[in-house]
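Asker: Please find one structure pasted underneath; my questions will follow.
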Amino acid sequence: MDPLQCSVKGVFMAVGPLGASPAVILSLDNTENCLPIYIGLWEAISIRNALKQEIPPRPLTHDLFVDLMRSFDIELKGLVIDSLDDGVYYARLILEKDQRQVSMDCRPSDGIALSLRYGADLLIDPDVAASSAVEFKDIEGLQDLDAYLTG
């Protein structure tokens, strides 16, 4: 079955009794179903910067990687979140150069940060989506990342 298209709903802090954890929320199927992926703070900030199209005065890691790919005519076709094992999501970057396609293992958070900057597709395996999708309203303790960091 073909992967499903998804998009980034936002970057949040999931705040609970045990502390706070950054999360990127992916929207699925133009419904309230979404996929929360808990990530590191720097990756969350990088995804937030890409969503807001904020460009730092000097390139950060994801900006540098995109510049490198473009300099060598490597096209980022998309990111596919293709499996979930023991609560950990796995993903692959789909890269193309000279009509040769290569799949490269990556963390979903890095792949999302790169794909947003590149304008590439964000895709998810239908079985992964079916097994881990939740309704956005059911995720407790979410605060917008900007509000959390400035509050």
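Please treat every number below as a calculation from the coordinates, not as lab data. Keep in mind that what you see is a predicted model, and the values were worked out from it rather than measured. With ideal geometry, Cβ positions are generated from the backbone for all residues, glycine too; neighbour counts draw on all protein chains shown.
Asker: Under 14 Å from the Cβ of Arg70, count the other residues' Cβ atoms, weight Lys and Arg +1, Asp and Glu -1, and hand me the total.
Answerer: Local net charge: -2.
Asker: Between Met104 and Ser71, what length in nm is gained on full extension when 0.36 nm per residue of separation is reduced by their alpha carbon distance?
Answerer: Fully extending the segment from Met104 to Ser71 adds 10.0 nm.
Asker: Here's another thing I want to ask about it. Which residues' amide hydrogens lie under 5 Å from the amide hydrogen of Ile39, considering only partners 5 or more residues apart or on another chain, with H built in the peptide plane?
Answerer: The answer is Ala23, Val24.
Asker: When the C-alpha atoms of the stretch 91-135 are aligned to their principal axes, what extent does each axis show, in angstrom, from largest down?
Answerer: Taking the Cα atoms of the stretch 91-135, the three principal extents are 40, 20, 16 Å.
Asker: Under 19 Å from the 7 Å Cα→Cβ point of Gln53, by amide nitrogen: which residues of the stretch 104-144?
Answerer: Answer for this model: 113-122.
Asker: For the stretch 58-73, in order, what is each residue's ³J(HN,Hα) by Karplus, 6.51 cos²θ - 1.76 cosθ + 1.60 with θ = phi - 60°, in whole Hz (x at glycine and Pro)?
Answerer: 10, x, 8, 3, 5, 5, 4, 5, 5, 4, 4, 4, 5, 5, 9, 6
Asker: Quick one: which of Lys9/Lys77; Lys52/Lys77; Lys9/Lys97 span more than 24 angstrom between C-alpha atoms?
Answerer: Lys9/Lys97
Asker: Amide H to amide H under 5 Å from Lys9: which residues, 5+ apart in sequence or cross-chain, H placed 1.01 Å off N in plane?
Answerer: Ile25, Leu26, Ser27
Asker: OK, next. Compute the normalised compactness of the stretch 40-84: alpha-carbon radius of gyration over 2.2 N^0.38 Å, N being the residue count.
Answerer: 1.32
Asker: If packing is taken as the average count of other Cβ atoms within 10 Å, what order do 29-40, 104-115, 67-78 fall into, highest mean first?
Answerer: 104-115, 29-40, 67-78
Asker: For the stretch 4-55, compute Rg over Rh where Rg is the Cα radius of gyration and Rh is the Kirkwood radius from the inverse mean 1/r over Cα pairs.
Answerer: 1.01
Asker: Let me ask something else about it. At 222 nm, what helix-only mean residue ellipticity would the chain give, in deg cm²/dmol to the nearest 500, using -39500 (n - 2.57) for each DSSP H run of four or more?
Answerer: Result for the chain: -8500 deg cm²/dmol, rounded to the nearest 500.
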